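Here is the structure we will look at, set down as structure tokens.
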Amino acid sequence: MEGLNIKWTKPGVPTPEQFELRRIVFLEEQGFSHANEFDNLDIISHQCLITDSDNKLVGCSRIYPYSEKDAWVLDRIAVMEEFRGKGFGLYVVRVAMNYAQLLGAKRFVLVNAEVSAIPFYQKLGFKVDGEPFMEEHCPVIKMTRPA
């Protein structure tokens, strides 16, 4: 997608912009708790922020090594409301997968994909791996795909 800026940070605390995007999408819009959204996994995660040519927040994600060899978790995938339904979500996930591959990923894992987003992730080649479970008030499921 033309005119987008991609910024990856090394493992650690999210940048103020990443924090703000996740706060809006996951806390305000979806009603998740602060403690659940900003967890200890941020410390080990590579964080991605995508902005447009005017530095407007578009989307974000984080990735970190999974407990299984050569697998990486794609997590905290979010797109600001005004950019949804225009292909930006697919772009955010592809950027995350590409970066994880540079770090050695041979397999991708979504440990808590929202059940309502299963068709979205299936477009990217993910398959359901297990049964749904609850994360706070939201049904989620594990999904995987090879790199």
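The values are calculated or read from the model by the stated rules, or taken from the named source; none is laboratory data. These numbers come from a predicted model, not from an experiment. Heads up, the Cβs are rebuilt from the backbone with ideal geometry, glycines too, and the neighbour counts pull from every protein chain shown.
In the stretch 41-74, the residue that is nearest to Leu110 (Cα to Cα) out of those that are surrounded by fewer than 18 Cβ atoms within 10 Å (Cβ to Cβ) and of a type in the set (Lys, Arg) is Lys69.
The set of residues in the stretch 4-35 being under 25 Å from Leu90 (Cβ atoms), out of contact with any Ser or Thr (no Cβ under 8 Å at 6 or more places or on another chain) and not in a loop (DSSP other than H, G, I, E, B) consists of Ile6, Trp8, Phe19, Glu20, Leu21, Arg22, Arg23, Ile24, Val25, Phe26, Glu28, Glu29. Taking the listed residues Leu102, Leu74, the one that is touching a helix residue (DSSP H, G or I) at 6+ places or on another chain (Cβ under 6 Å) and of a type outside the set (S, T, N, Q) is Leu74, with no other qualifying. Within the stretch 20-34, residues that are aliphatic (A, V, I, L, M) and surrounded by fewer than 19 Cβ atoms within 10 Å (Cβ to Cβ) have Cβ atoms under 9 Å from residues that are at pLDDT 95 or above and part of a helix (DSSP H, G or I) in these pairs: Ile24/Glu81, counting only partners at least 6 apart in sequence or on another chain. Among the residues of the stretch 99-134, those that are touching a strand residue (DSSP E or B) at 6+ places or on another chain (Cβ under 9 Å) and either assigned to a loop (DSSP other than H, G, I, E, B) or modelled with pLDDT under 95 (or both) comprise Leu103, Gly104, Ala105, Lys106, Leu124, Gly125, Phe126, Asp129, Gly130, Glu131, Pro132. Filtering the stretch 98-110 to residues that are surrounded by fewer than 19 Cβ atoms within 10 Å (Cβ to Cβ) and in contact (Cβ under 8 Å) with a residue 24 or more places away in the chain leaves Tyr99, Gln101, Leu103, Gly104, Lys106, Arg107. Selection over the stretch 111-134 of residues that are among the acidic types (Asp, Glu) and loosely packed, with under 15 Cβ neighbours inside 10 Å gives a count of 2.
Every residue in the stretch 85-97 that is touching a residue at least 60 places away in the same chain (Cβ under 8 Å) and in a helix (DSSP H, G or I), please.
Going through the stretch 85-97, the residues touching a residue at least 60 places away in the same chain (Cβ under 8 Å) turn out to be 87-88, 91, 95.
Those that are touching a residue at least 60 places away in the same chain (Cβ under 8 Å) and in a helix (DSSP H, G or I): Phe88, Tyr91, Val95.
Between a residue in the stretch 120-147 that is β-branched (Val, Ile, Thr) and any residue that is in a loop (DSSP other than H, G, I, E, B), which pairs come within a Cβ distance under 9 Å, given they are 6 or more apart or on different chains? Note: pairs meeting the criteria are Val140/Pro132; Ile141/Asp129; Ile141/Gly130; Ile141/Glu131; Ile141/Pro132; Thr144/Phe126; Thr144/Asp129.
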